[in-house]
Amino acid sequence: MRTRTSPSLLLVTAVAAGLAVNVLLQAAYGDLPPLPLLAGLTPLVLGVAEIVLAAVLRARIRRRPGARPVDALAAARAVALAKASSLAGALVGGAWLGVLAYVLPLRDQVDAAGADTASAVVGVVGAAVLVGAGLWLEHCLRTPDDHGDDPDRSGRRGPAGPGQRP
């Protein structure tokens, strides 16, 4: 795998989503129905499934005894899933953080805000699990001989290229 998901991309996505949702809530919070408490469980369930997938694929990529090799197309699909999941988790997590930032100060004054605070917390946790699972899956899909992203023992990055010192 050549490029890893950029933490700055995930952060910018989360901040943009959070700001957009917060602005929308400021304009229309009173017109919205209460948020369901379990609305944030979907990313949590997807994240747990990806953690299991990452464990299975990691064993297969590392050629552990009894593990079948990974088909190249399946690995490519898993990389796409990992990248999409971390980005989607950042987007959803940012949105839930935007909700949380709006309802948390209101929870003592507005009854609905108290219930929506709990929903937002569940959503933030679920999204964080999805982001972490996506990044973990992406990490697990690196091949054992893929040293381009990690410093080796000498502290330099990757193999020496033409015109570089070994």
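Exposure proxy ranking for TYR102, TYR29, based on other Cβ atoms within 10 angstrom of each Cβ and starting from the fewest, stands as TYR29, TYR102. Over all directions, the projected convex hull of the C-alpha atoms in the range 1-112 averages 9.1 nm² in area. Given a cut-off of 16 Å, what percent of all Cα-Cα pairs of the range 8-64 lie beyond it? In whole percent, the long-distance tail amounts to 69. For the range 38-140, averaging the sequence separation of C-alpha pairs within contact (under 8 Å, six or more residues apart) and dividing by the residue count gives a relative contact order of 51 percent. What you get for the range 38-140, charging only the Cβ of Lys and Arg (+1) and of Asp and Glu (-1), is a dipole of about 840 debye around the Cα centre. Per the Kirkwood formula applied to alpha carbons, the range 65-151 shows a radius of gyration over Rh ratio, Rg over Rh, of 1.23.
We did not get these values from a lab; they are worked out from the coordinates using the rules stated. Computed from a predicted structure; not experimentally measured. Cβ sites come from the backbone with ideal geometry, for glycine too, and all protein chains shown count toward neighbours.
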